[in-house]
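Colleague: Below: one structure in structure tokens.
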Amino acid sequence: MSDIKKSERKESKLQTIHNAYKIRMAVTKLAENDFYINSSKVENIIAEKIKRFPEEEQQKIKKRTYQYFEQQLNRSTNSVIELATGISRHLRIANTIFPTYISEFEERRIEMDRAMSCCNALQDELQYVGECLYADLNKYTNLVLLIQQEFNMIKALRQSDNRFLKNIKK
């Protein structure tokens, strides 16, 4: 047991990787639940859209619109899962590089940059799903906060990597 209180301890460098896995699990659960898309709202929008057209066209338009939503749901599912996977993948790659040369330092930093990019892109994709596919954005709040926390942790980790610079071989 440590003599240092938990509240006084610094955050572990591995906490960033643990959070990335939490994000990945949360995104998977979100995708499993079709992003909590409000199907009644989608049905109302489609009903409103098709009533402007002649009756013989309505079924065809309704079918096409449902296909569109299904395609967007599949695309978004694949995208968010890939982005969430990318966060942990790039962090794991960065974590395996212990730089002794400037090129290794730069490679480690690039991998962290990629993980941060995945965080931003994941937030954008979730925003798209919420707005364009009529999902319940309230269900995303904790995930978005976790992604933002992850982004900040990666940023801090990158900053702390400057400790390697004094031992870099030229």
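Colleague: Please list, ordered by first then second residue, the pairs with beta carbon atoms under 7 Å, 6 or more apart or interchain, first in segment 117-128 and among the charged types (D, E, K, R), second surrounded by 15 or more Cβ atoms within 10 Å (Cβ to Cβ).
Modeller: Sorted first by the residue in segment 117-128, then by its partner, the pairs are 125/76; 125/79; 125/80; 125/83.
Colleague: Taking the condition within 14 Å of residue 27 (Cα to Cα) and among the hydrophobic types (A, V, I, L, M, F, W, C), does residue 157 pass?
Modeller: Numbers: within 14 Å of residue 27 (Cα to Cα): no; among the hydrophobic types (A, V, I, L, M, F, W, C): yes.
In short, no.
Colleague: Still on this structure, I have one more. Taking residue 106, is it in a helix (DSSP H, G or I), more than 21 Å from residue 14 (Cβ to Cβ) and charged (D, E, K, R)?
Modeller: Values: in a helix (DSSP H, G or I): yes; more than 21 Å from residue 14 (Cβ to Cβ): yes; charged (D, E, K, R): yes.
In short, yes.
Colleague: Can you tell me which residues in segment 11-21 are surrounded by fewer than 16 Cβ atoms within 10 Å (Cβ to Cβ) and in contact with a helix residue (DSSP H, G or I) (Cβ under 9 Å, 6 or more places away or on another chain)?
Modeller: Let us first name the residues in segment 11-21 that are surrounded by fewer than 16 Cβ atoms within 10 Å (Cβ to Cβ), namely 11-15, 18, 21.
Across segment 11-21, the qualifying residues are 11, 12, 13, 14, 15, 21.
Colleague: Looking at this structure, is residue 110 farther than 19 Å from residue 131 by Cα and at pLDDT 95 or above? Write out each step before concluding.
Modeller: Working: farther than 19 Å from residue 131 by Cα: yes; at pLDDT 95 or above: yes.
Yes.
Colleague: List, please: which pairs have Cβ atoms under 8 Å, are six or more places apart or on different chains, and start with a residue in segment 24-52 that is without any contact (Cβ under 8 Å) to a residue 24 or more places away in the chain and over 19 Å from residue 136 (Cα atoms) and end with one that is surrounded by 12 or more Cβ atoms within 10 Å (Cβ to Cβ) and charged (D, E, K, R)?
Modeller: Sorted first by the residue in segment 24-52, then by its partner, the pairs are 50/62.
Colleague: Something else now. Against the condition more than 19 Å from the chain's Cα centre (by Cα), surrounded by 15 or more Cβ atoms within 10 Å (Cβ to Cβ), closer than 19 Å to residue 115 by Cβ and not polar (S, T, N, Q), how does residue 151 come out, does it pass? Walk me through it before giving the result.
Modeller: Numbers: more than 19 Å from the chain's Cα centre (by Cα): no; surrounded by 15 or more Cβ atoms within 10 Å (Cβ to Cβ): yes; closer than 19 Å to residue 115 by Cβ: yes; not polar (S, T, N, Q): yes.
No; evaluated as a whole, the condition is false for this residue.
Colleague: Find the residue count for segment 77-103, including only residues that are in a helix (DSSP H, G or I) and either in contact with a Leu (Cβ under 7 Å, 6 or more places away or on another chain) or aliphatic (A, V, I, L, M) (or both). Lay out the reasoning, then the answer.
Modeller: Of the residues in segment 77-103, the ones in a helix (DSSP H, G or I) are 77-96, 102-103.
Subsequent filtering for residues that are either in contact with a Leu (Cβ under 7 Å, 6 or more places away or on another chain) or aliphatic (A, V, I, L, M) (or both) retains 80-81, 83-84, 87, 91, 93-94, 102.
Residues meeting the conditions: 9.
Colleague: Could you list, in sequence order, all residues of segment 71-95 that are hydroxyl-bearing (Ser, Thr, Tyr) and surrounded by fewer than 21 Cβ atoms within 10 Å (Cβ to Cβ)?
Modeller: Let us first name the residues in segment 71-95 that are hydroxyl-bearing (Ser, Thr, Tyr), namely 76-77, 79, 85, 88.
Hits for segment 71-95 are 77, 79, 85.
The values are calculated or read from the model by the stated rules, or taken from the named source; none is laboratory data. The structure displayed is predicted, hence computed values, not measured ones. With ideal geometry, Cβ positions are generated from the backbone for all residues, glycine too; neighbour counts draw on all protein chains shown.
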